Amino acid sequence: MEEKEILWGLTDADSMEEIREKAFALIGKIRFMPAATVNEGQPENRILDFNRLSDGNLYFMTSKGKPTYEQLCRRPQLVMNTLIDERYSLRLSAWVSETKDQAVWDEFFKLNPGTKEMYRKNFDIVALYKIDRGEGEIFHLYANERIRRLRFAFGGEEIRPMTYRITEECVGCGVCQENCVERAIHQKEDGKYYIKEMDCDDCGICYTKCPQADTALICRLKEKGET
């Protein structure tokens, strides 16, 4: 497979905006995606229809009579994940806000005349939301279990960090590189190693093999006290 075909030609040399733009374009093309909210501490999932309008933003609607609306009022956050073309996937965790902008409403329902007709008996029950900020990832399993991933953030949010990282305590033994099945670990000029996140499966094999684990190679989950 040619390099340009991997992850739609995107690499870690591309800007955050370019990666976000590709993700938003994909969501706008797919439209119908599973989206989870939080319901009394538990995830609850449904399919929502995401429309990308002329301002470049993503919008979706729900009825104020549905549990989705109540859950978004309490915590206006969505987590989305979907498979694209068999070996591509897209994940997004986003914060949303209800919009009253009439121009947005007009454009949204011009694209969705059937939905407008569905709520004709009481249009006041409709709530229209905009995706404001968030973080996500596009992922490609492209050949022989090789992967490529790019994480992005927008609206002031931060990229979700990878689970494992090599620190300045690295002694340059190369054990991590020898055991990396994705060939994502490379040596720097000073002899120490680093993880190229774009190619990393975040699996943790390097961590289990590193003779200086927890000093030279760190697990973020342990730092946070999650393991």
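Given the conditions (1) of a type in the set (A, V, I, L, M); (2) crowded, with 16+ Cβ neighbours inside 10 Å; (3) closer than 27 Å to ALA213 by Cα, report the number of the one that ALA153 does not fulfil.
(3)
For the range 181-189, state whether one or more residues are open to solvent by 60 Å² or more (accessible area, probe 1.4 Å), at pLDDT 95 or above, of a type in the set (S, T, N, Q) and assigned to a strand (DSSP E or B).
Yes: the range 181-189 contains one or more residues that are open to solvent by 60 Å² or more (accessible area, probe 1.4 Å), at pLDDT 95 or above, of a type in the set (S, T, N, Q) and assigned to a strand (DSSP E or B).
Considering only the range 9-24, how many residues are under 10 Å from PHE154 (Cβ atoms) and either surrounded by 13 or more Cβ atoms within 10 Å (Cβ to Cβ) or touching a Ser or Thr at 6+ places or on another chain (Cβ under 7 Å) (or both)? Please lay out each step first, then the result.
Narrowing the range 9-24 to residues under 10 Å from PHE154 (Cβ atoms): 16-17, 19-21, 23-24.
Within this subset, residues satisfying the condition of being either surrounded by 13 or more Cβ atoms within 10 Å (Cβ to Cβ) or touching a Ser or Thr at 6+ places or on another chain (Cβ under 7 Å) (or both) are 16, 19-21, 23-24.
Going through the range 9-24 one residue at a time, the tally reaches 6.
Could you please tell me which pairs satisfy a Cβ distance under 8 Å, a separation of 6+ or placement on different chains, a first residue in the range 47-58 that is within 13 Å of LEU92 (Cβ to Cβ), and a second residue that is assigned to a loop (DSSP other than H, G, I, E, B) and of a type in the set (Phe, Trp, Tyr)?
So the pair list comes out as LEU58/PHE50.
Taking the condition of a type in the set (S, T, N, Q), under 15 Å from PHE24 (Cα atoms) and under 17 Å from the mean Cα position of the chain (by Cα), does SER93 pass?
It is true that SER93 is of a type in the set (S, T, N, Q), under 15 Å from PHE24 (Cα atoms) and under 17 Å from the mean Cα position of the chain (by Cα).
How many of the residues in the range 25-72 are open to solvent by 70 Å² or more (accessible area, probe 1.4 Å), assigned to a strand (DSSP E or B) and either touching a strand residue (DSSP E or B) at 6+ places or on another chain (Cβ under 6 Å) or of a type in the set (A, V, I, L, M, F, W, C) (or both)?
Qualifying residue count, the range 25-72: 4.
For the range 190-210, which residues satisfy the criterion of being over 12 Å from ARG165 (Cα atoms) and open to solvent by 80 Å² or more (accessible area, probe 1.4 Å)?
Passing the criteria: ASP190, THR208, LYS209.
The values are calculated or read from the model by the stated rules, or taken from the named source; none is laboratory data. Keep in mind it's a predicted model, so treat the numbers as computed, not measured. Quick reminder, even Gly has a Cβ in these numbers, built from the backbone with ideal geometry, and neighbours come from all protein chains shown. For accessibility, only protein heavy atoms count, side chains too; no ligands or nucleic acids. Shrake-Rupley method; radii C 1.70, N 1.55, O 1.52, S 1.80 Å.
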